[in-house]
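Nothing in this text is a laboratory measurement; each read-out follows from the coordinates by a stated rule. Note that the coordinates shown come from a computational prediction; the quantities given were computed from them, not determined experimentally. With ideal geometry, Cβ positions are generated from the backbone for all residues, glycine too; neighbour counts draw on all protein chains shown.
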Amino acid sequence: MKCTMLIACAVMAISFPSCAADPDEGFVRIMDGTTFNGWKMGDEKARSWTIRDGAFITQGQRSHLYYVGDEKPFKDFELKVEVMTEAGSNGGIYFHTKYQETGWPKQGFECQVNVTQGDWIKTGSLYGLVNMGVTPAKDNQWWTQHIIVKGNKVTVNIDDKPVLEYNEPPGSQPGKDFTRKLDQGTFALQVHDPKSVIRYKNIRVKRLD
């Protein structure tokens, strides 16, 4: 009986690798923890990204790491990212964005990552749109940043605690220099400056559309 059960489990793991690897039903991991497969750096010459212990690690000049592993853009989704900051670090998680070789992403929204860096806008904020001066996240501790986009609504949770809900008003316009309008796109991670050391790992997404 034990042998039969072990064989059955092995077959399930081979047949359904994403389910076996992730306890969150319906989520697919979009990083493997050992390579940059499926990801592409903007401002690549900054050399601001490394991988260690299963995490993307930032340290260096401004740069963004874009997910390019899926040709179909993400519209409605749930995104979960485990994040840990060192003191005085600033970064972000972008959604509905698209790859840029250089510069701050002009399309999409930045969900802020910042616990103690000087910018008063803290972790969980939709930067420049819905700004929060406090956050339950703490430096040097892992937290899960959970972003949900459905229709005209964005919800942000930190470790299952709701911290933000944004409902885009009817007739909202994209903006002149930066497009901050719900649409579709991909994801990106940010290193803001050389003093910011941030770890991003276990990145997974579930489509809702």
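Structural remarks
- Inverse of mean 1/r across different Cα pairs in region 30-87, Kirkwood, Å: 12.8
- Sequence-distant lysines (8 or more away, or on other chains) whose Cα lies within less than 24 Å of residue 72: 40, 80, 98, 106, 150, 153, 181, 201, 206
- The Cα atoms of region 97-194 define a convex hull whose projected area, averaged across directions, is 7.0 nm².
- Cα-centred dipole magnitude for the chain, charges only on beta-carbon of K, R (+1) and D, E (-1), debye, nearest 20: 140
- Per residue, the convex hull spanned by the Cα atoms of region 166-209 measures out at 142 cubic angstrom.
- Largest mean-square fluctuation among 172, 89, 125, in a Gaussian network model of the chain whose springs join Cα atoms under 10 Å apart, belongs to 172.
- Ellipticity at 222 nm from helices only: DSSP H runs of n ≥ 4 in the chain, each -39500 (n - 2.57), divided by the residue count, give -2500 deg cm²/dmol.
- Average silhouette area of the chain, convex hull of alpha-carbon atoms, in square nanometres: 12.9
- Alpha-carbon centroid distance for the pair region 150-183 / region 95-142, whole angstrom: 13
- For the chain: relative contact order, % (alpha-carbon pairs under 8 angstrom, 6 or more apart): 30
- Candidate aspartates and glutamates for bridging to residue 161, where Cα separation is under 18 Å - those fewer than 8 sequence places away on the same chain excluded: 24, 78, 82, 139
- Axis of helix 2-15 versus longest Cα principal axis of the chain: the two differ by about 40°, to the nearest ten degrees.
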